[in-house]
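Beneath this line is the structure, given in structure tokens, with notes to follow.
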Amino acid sequence: MAPRHVLCVLGSGLGLAEIERVAAGFGGFVLDREYSEAEPDPRMPEAFEASMAAASFDEEDWAAVESHDTVGYLLSAPMMRELAADTSRRLLAATAALLRSGATAVKNESSGLTHGRDRWLALADRAADAKDEDLADALVTAWVKRPIYDGRVLYSCGMHLLGAPEVEIEVGEEQLTEDDLPDLVAHLDTLAIYLLTDPRAEEIEDGAGFRMTEDAPRWVLRTGTCDRYDEDDLFFNPYGYVRLTHPG
């Protein structure tokens, strides 16, 4: 199944027709009429909490989720790999427009990630005129959930929405400290931006060497297929993963 965005949009006094109207201005996004409802969904607070809301939500964001009376689901078309990044850029702009038009909270069902209103707007502003690595950084921050830990590696979910493999890094539980975690996430982000912007990334082979900078320690890249999710799962990445591993 080709990746697609499913965006959950909450509002209070916001009509589904308005969600559809605003999204239509950005091309290619349609309202899922089967699941969208002009009534509150009591599951939303828990769903947003599970989508890393704590990282950027303030009291007003939580209040918006609690008081919503409309739930709209916007769908992108299934995305060809070469069009994914542009589709994600346009959807980020649409997200900001929705928030400025009465939407009160937004989360991405295809990566399990949300942001508070202020962060969504800041990310959309960053991406609006950005290019190359700056644009890639904004899109990764907006759409890619990370870090997730499975007991063996830290990994991402959402790179498929940008047409790239997920990024992973081998790590022991003893490294998941307040001091070390930001550096590990920086490694994930550096690899993610490399995959999105460097032409050499298209030719990565299993076992290739990789350095964050010219004088940084050498990592070994391992590649594989996505086996965490079923092929019909919104999280499934058909491009697999690229994992940073220690040599030897």
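Before moving on, here are some points about what is shown:
- Exclusive hit being closer than 15 Å to A53 by Cα and either open to solvent by 40 Å² or more (accessible area, probe 1.4 Å) or part of a helix (DSSP H, G or I) (or both), set D134, D118: D118
- Single residue of the stretch 210-244 satisfying the filter (over 17 Å from the mean Cα position of the chain (by Cα) and polar (S, T, N, Q)) that is modelled with the lowest pLDDT: T213
Residue-by-condition table, conditions (1) under 26 Å from L184 (Cβ atoms); (2) in contact with a helix residue (DSSP H, G or I) (Cβ under 7 Å, 6 or more places away or on another chain); (3) of a type in the set (V, I, T):
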| residue | (1), (2), (3) |
| --- | --- |
| E34 | no, no, no |
| A54 | yes, no, no |
| M80 | no, no, no |
| L83 | no, no, no |
| L139 | yes, yes, no |
| V144 | yes, yes, yes |
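- Residue pairs meeting the criteria (Cβ under 8 Å; at least 6 apart or on separate chains; first in contact (Cβ under 8 Å) with a residue 24 or more places away in the chain and closer than 17 Å to L7 by Cβ, in the stretch 123-145; second crowded, with 19+ Cβ neighbours inside 10 Å and of a type in the set (F, W, Y)): A142/W120
- Given (1) within 26 Å of H160 (Cβ to Cβ); (2) surrounded by 21 or more Cβ atoms within 10 Å (Cβ to Cβ); (3) more than 20 Å from the chain's Cα centre (by Cα), number of the condition C8 does not satisfy: (3)
- Matching residues in the stretch 56-113 - criterion: being open to solvent by 40 Å² or more (accessible area, probe 1.4 Å), touching a residue at least 40 places away in the same chain (Cβ under 8 Å), assigned to a loop (DSSP other than H, G, I, E, B) and out of contact with any Ser or Thr (no Cβ under 7 Å at 6 or more places or on another chain): D58, A77, P78, M80, S101, E109
The values are calculated or read from the model by the stated rules, or taken from the named source; none is laboratory data. All values reported here derive from a predicted model rather than from experimental measurement. Glycine also receives a Cβ, built like all others from the backbone with ideal geometry; neighbour counts cover every protein chain displayed. Please note that ligands, DNA and RNA were not included when accessible areas were found on the heavy atoms of the full protein model with its side chains. Shrake-Rupley method; radii C 1.70, N 1.55, O 1.52, S 1.80 Å.
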